[in-house]
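The values are calculated or read from the model by the stated rules, or taken from the named source; none is laboratory data. Predicted, not measured: the structure shown is a model, and the values here were computed from it. Cβ placement follows ideal geometry from the backbone for every residue including glycine, while neighbour counts extend to all protein chains displayed. Just the protein is used for accessible areas: all its heavy atoms, side chains included, with ligands, DNA and RNA removed. Shrake-Rupley method; radii C 1.70, N 1.55, O 1.52, S 1.80 Å.
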Amino acid sequence: MKHQERWHAAMQNNYGVPPITLVKGKGAEVWDDNGKRYLDFLGGIATNVLGHAHPVIVKAVSEQIGKLGHVSNLYSHKQGIELAEKLQDLVNDSSARIFFCNSGAEANEAAIKISRLTGRKEIIAATGGFHGRTTGALSITGQDAKRTPFEPLLSGVKFVEFGDPLAMRKAVSKKTAMVIIEAIQGENGVVVPESGYLRKVRAICDQNGALLVIDAVQTGMGRTGEWFGYESEGIKPDMITLAKGLGGGLPLGAMITLGDRSPTFKPGEHGSTFGGNPVSCAAANAAIDFIVKKDVLKKVATSGKYLKVMLAKVPGVAQVRGRGLLLGIVLDANVATAVASKAMSNGLLINAPSRNVIRIAPPLIVSKKELSEFVKVFARTLNEVLNG
Ligand SMILES: *Cc1c(COP(=O)(O)O)cnc(C)c1O
């Protein structure tokens, strides 16, 4: 039986039946079960920061699983402590405190629970925002189609127009426990707010004693050319949430409190069996070390600029938005789904978060040669869809 038929006969259909089955990868390339090669410009959805089968990840994970795998959080381990210390360095705050979990949704669940510890019950989130699929994270996700079938969700959540500081000012009050936003809305089609927006939201939170949470699950770990995507605004959030790229391709999430305004968990208030397990932490440590040692952030910024310039020249492209290697290619026509599917047959993995936007989030280590191959094949694909 073909893989697709077996999938359909055994799996929940929440993803639809995936059109291809992948069997191996190397760097920014993957191969399917027919031996067909693809350039992977989605990177496991902004997750495989060092691409597939990177030697430093393979080594770290193999050594760790051969020595100590899962231990639970009743015991500490070196890999976890080391990673927490590295994150304190990266957020530039030795008072930061880290909770490890397995996913972005779980990281945001932790943030919601922390916000409850302020004694306030109200949460402000942004329209179009995405924070995960668990019921708590879904409650603060500003996309009706994903929420509606599962209501009632958490009460006390209000949504305001993303990027509009006036709407934020109106919504936030002394009842607001937290405001949660993304620096760039990834799932919504790589939507970038005007510069200064995060700074204004920070000020509004300060005036009302509300916590500011930056969901850096997608923009984090160097993807935008800075570590978490909010630094260029010169702000310090009260919490940040991480996942996707954090584990260098392994499942790992984190909720980090910064500064002294945010409550922190006391013994017994939260937990996760697998959260921050030694193997995922070893992979994360290896990924961070590599990114630092090889100055990957600088490379990300350069690669992003190159792609923006080259893609803007492609006929049928209206605009390229985003930063670093999280880019939304806005098309003149609503053909994004057709482009993504044609790209796949042309050996390119990308996705269509909305009808006129293609998202790309390749490995941060993607080579110059692969960038130019991408531009070439993408241009040909778009031309085939529009004129073919
Ligand atoms: C992907 C994503 C999440 C959810 O992460 P999961 O690991 O799928 O639970 C949350 N927030 C943002 C911004 C994301 O991009």
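Quick one: in the stretch 124-135, which of the residues that are within 12 Å of the ligand (Cβ to nearest atom) and buried (at least 21 other Cβ atoms within 10 Å of the Cβ) is farthest from GLY271 (Cα to Cα)?
From the stretch 124-135, those within 12 Å of the ligand (Cβ to nearest atom) are 125-126, 128-134; that's our starting set.
Going one step further and asking which of them are buried (at least 21 other Cβ atoms within 10 Å of the Cβ), we end up with 125-126, 129-132.
Details: ALA125: 24, ALA126: 27, GLY129: 26, PHE130: 23, HIS131: 19, GLY132: 18 Å.
Filtering the stretch 124-135 for residues that are within 12 Å of the ligand (Cβ to nearest atom) and buried (at least 21 other Cβ atoms within 10 Å of the Cβ), the one farthest from GLY271 (Cα to Cα) comes out as ALA126.
Can you tell me which of VAL30, VAL61, VAL49 is among the β-branched types (Val, Ile, Thr) and in the same structural domain as THR273 (by TED's automatic domain parsing)? Explain how you work it out, then say what you get.
Values: VAL30 fails: in the same structural domain as THR273 (by TED's automatic domain parsing); VAL49 fails: in the same structural domain as THR273 (by TED's automatic domain parsing).
Matching residue, one of VAL30, VAL61, VAL49: VAL61.
Across the stretch 92-123, which residue is farthest from GLU63 (Cα to Cα) among those that are more than 16 Å from the ligand (Cβ to nearest atom) and either assigned to a strand (DSSP E or B) or under 17 Å from the mean Cα position of the chain (by Cα) (or both)?
Per the criteria, the residue is GLU122.
Examine the stretch 325-333 for a residue that is surrounded by 20 or more Cβ atoms within 10 Å (Cβ to Cβ), part of a loop (DSSP other than H, G, I, E, B) and touching an Asp or Glu at 6+ places or on another chain (Cβ under 8 Å), and state whether such a residue exists.
No.
Going through THR257, THR264, THR273 one at a time, which residue ends up being among the polar types (S, T, N, Q) and closer than 21 Å to GLN218 by Cβ? Full working, then the answer.
Numbers: THR264 fails: closer than 21 Å to GLN218 by Cβ; THR273 fails: closer than 21 Å to GLN218 by Cβ.
Answer to the check: THR257.
Would you be able to say whether some residue in the stretch 283-297 is more than 17 Å from GLU85 (Cα to Cα) and open to solvent by less than 40 Å² (accessible area, probe 1.4 Å)?
Yes; the residues of the stretch 283-297 include at least one that is more than 17 Å from GLU85 (Cα to Cα) and open to solvent by less than 40 Å² (accessible area, probe 1.4 Å).
What about SER195, is it over 22 Å from ARG261 (Cα atoms) and crowded, with 21+ Cβ neighbours inside 10 Å? Working first, answer last.
Working: over 22 Å from ARG261 (Cα atoms): yes; crowded, with 21+ Cβ neighbours inside 10 Å: no.
Spelling it out, it is not the case that SER195 is over 22 Å from ARG261 (Cα atoms) and crowded, with 21+ Cβ neighbours inside 10 Å.
Check ARG321 against each of (1) within 17 Å of ASP40 (Cα to Cα); (2) open to solvent by 10 Å² or more (accessible area, probe 1.4 Å); (3) not in a helix (DSSP H, G or I) and name the one condition it does not meet.
(1)
For the stretch 164-180, state whether one or more residues are farther than 23 Å from VAL357 by Cβ, within 16 Å of the ligand (Cβ to nearest atom) and not assigned by TED's automatic domain parsing to the domain that holds LEU325.
Looking for residues that are farther than 23 Å from VAL357 by Cβ, within 16 Å of the ligand (Cβ to nearest atom) and not assigned by TED's automatic domain parsing to the domain that holds LEU325, one finds at least one in the stretch 164-180, hence yes.
From THR257, THR241, grab the single residue that is assigned by TED's automatic domain parsing to the domain that holds LEU117, open to solvent by less than 20 Å² (accessible area, probe 1.4 Å) and either out of contact with any Ser or Thr (no Cβ under 9 Å at 6 or more places or on another chain) or aliphatic (A, V, I, L, M) (or both).
Numbers: THR257 fails: either out of contact with any Ser or Thr (no Cβ under 9 Å at 6 or more places or on another chain) or aliphatic (A, V, I, L, M) (or both).
After ruling out the rest, the residue left standing is THR241.
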